[in-house]
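Everything on this sheet refers to the single structure shown next.
Values in this text are rule-based calculations from the coordinates and carry no lab data. These numbers come from a predicted model, not from an experiment. Here the Cβ is made from the backbone with ideal geometry for all residues, glycine too, and neighbour counts use every protein chain on show.
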């Protein structure tokens, strides 16, 4: 998308914020809104998980201690639903167990200590958005490689040895091809020359 002066508009990333404390939730939203993200907020972790499942969510910012589901469990569920959504956990706890659980179960990208400093939260979310973009690029690259491998396999099945070209000392060597299998591909003059 471009603006009238043809300057590209940066994409608007979606951030889901969840905290059962309405005052803390409002503070997180106020801290992030000026950055220009699309902010979706809820006090219910199950609803947050639904948002992650239904929307292209770049970052999930979650409280740790919530009544229905703790933040680590929510992060782990979000990772299963949408692995490219990066997870940030906010906690007032300074427990090593909380950190270890978050890393091992929910693959938490960043921890933000409560009460949070504005720049710390914004930096954590900014870094998480960058990680989200990198994960998407990696997934797209993986998809291209997978598609390429599938195509090579299909070609090899249909035209045996077609993918077995060898390059040695500046010379390309192609193993014998099944010429009959190539007929009908618009290569008739090449096939005729190969037969002579």
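Points worth noting:
- Segment 128-158 and segment 42-58 have their alpha-carbon centroids 27 Å apart.
- Normalised by the number of residues in segment 14-141, the mean separation of alpha-carbon contacts (under 8 Å, six or more apart) gives a relative contact order of 23 percent.
- Sorted fewest first by neighbouring Cβ atoms within 10 angstrom, 109, 116 come out as 116, 109.
- Cα-projected label distance for residue 33 with residue 141, points at 7 Å along beta-carbon direction, nm: 3.8
- Between residue 50 and residue 21, residue separation times 0.36 nm minus the direct Cα-Cα distance comes to 8.5 nm.
- Where N is the number of residues in segment 14-141, Cα Rg divided by 2.2 N^0.38 Å: 0.94
- Simple label model, 7 Å out from Cα along Cβ direction - residue 133 to residue 169, nm: 5.0
- Our summary gives segment 19-63 a relative contact order of 42 percent, counting only alpha carbon pairs under 8 angstrom and 6 or more residues apart.
- Distance in nm between pseudo-label sites at residue 150 and residue 118 (7 Å out along the Cβ direction from Cα): 4.9
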